[in-house]
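Right, one structure below, let's go through it.
The values are calculated or read from the model by the stated rules, or taken from the named source; none is laboratory data. Not measured: the values here are computed from a predicted model. Because the Cβ atoms are built from the backbone with ideal geometry, glycine has one as well, and the counts that use them run over all protein chains shown.
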Amino acid sequence: MLKTLFIVAGPCGSGKSSIIRTAFQSDLRLFGEELHFEFKQSNLDLSGEEYDNYETAFSKKSFFQASHVKLLGRELILPPCLLLHLDLYQILRGIDRSYWPQKLKQKHSRDCFNGVSPNKLPKRSLEDLMSKKDNDLMMKTFLSKAIFRHFQNIAVITVECSFQKNSAQLALRKSTSSGARFKYFSASEDVATAIHSELYRCWFHGIKLLNPSRLSRVVINDSDELCVDGRVVASGWSQLLNVSSNAVVQPAAIDSPIADRNAPRGFHA
């Protein structure tokens, strides 16, 4: 089996990518001292870039997205430590047909009356995201993928961010983009707040299936400190974040050999 799978999870716009980038560039003990060396091995691309394309993420020796989970489970050779960046909204929305539980696929097929192919599952609606029962099915199906069974240890950090703060952060990102990332925050405040809470409820309910060896929560407190389970990992977070955003990074140096991500690869049939 492989060694340790690291997971950083949270809603869209909660700060997952910023925390990952800054943790690597500033050498923060995000998962504690005992797992720090393995955490450094899990991502050798210090740019903090999110790569939607699986092959790009693999070749860059970067961290992976929720949409990469199925392909990771098919790899014959993987490094002993990997990092997953999980957008909880993306998971529950239905990012890939294979992540849908059979029951919901069948339900969608019965509801297709307008010439829409049941093989082309649309993303779940905002109304769908209010269904706790269906959300739990979606999360269970996702967490049942093969990659999660390949590791001896799974260490999880959930980025906790209030609805108001998360909304403001995503709105700031929206102002410099096309707005495509505005996601569930475009709903009425009551609906958006309920969905935000449901993402966390569903995640904390589902993650128990993985029996993680470490399950922590990270917040940016009112004193501008990055805290993991109440332990201050970094002070002056805003300034540290600005430094990491403007940093020119070099490939990470690892003190001992690890599995070569450029080694021969193959896929299961």
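Got at least one residue in segment 195-217 being of a type in the set (V, I, T), in a helix (DSSP H, G or I) and modelled with pLDDT under 90? Checked against the condition, which is being of a type in the set (V, I, T), in a helix (DSSP H, G or I) and modelled with pLDDT under 90, segment 195-217 yields no hits at all. Inspection of segment 52-74 identifies no residue that is surrounded by 23 or more Cβ atoms within 10 Å (Cβ to Cβ) and at positive phi.
Taking the criterion of being surrounded by 13 or more Cβ atoms within 10 Å (Cβ to Cβ), closer than 23 Å to F204 by Cα and of a type outside the set (A, V, I, L, M, F, W, C), the only residue of segment 222-246 that qualifies is D229. I'm checking my understanding of the structure. Among residues of segment 1-26 that are part of a strand (DSSP E or B) and not hydrophobic (A, V, I, L, M, F, W, C), which one is farthest from L241 (Cα to Cα)? Top of the filtered list is K3. Report yes if some residue within segment 258-268 is under 29 Å from F151 (Cβ atoms), surrounded by 13 or more Cβ atoms within 10 Å (Cβ to Cβ) and modelled with pLDDT of 85 or more; otherwise report no. Scanning segment 258-268 turns up no residue that is under 29 Å from F151 (Cβ atoms), surrounded by 13 or more Cβ atoms within 10 Å (Cβ to Cβ) and modelled with pLDDT of 85 or more. Kindly establish whether V219 is on the phi < 0 side of the Ramachandran plot and either without any contact (Cβ under 8 Å) to a residue 12 or more places away in the chain or crowded, with 18+ Cβ neighbours inside 10 Å (or both). The answer is yes for V219. For segment 66-100, filtering for residues that are of a type outside the set (A, V, I, L, M, F, W, C) and within 23 Å of F185 (Cα to Cα) leaves 8.
Residue check: is L129 surrounded by 13 or more Cβ atoms within 10 Å (Cβ to Cβ), modelled with pLDDT of 75 or more and not in a strand (DSSP E or B)? So L129 passes the test.
Residue count for segment 2-48, restricted to those that are surrounded by fewer than 20 Cβ atoms within 10 Å (Cβ to Cβ) and touching a Lys or Arg at 6+ places or on another chain (Cβ under 6 Å): 3.
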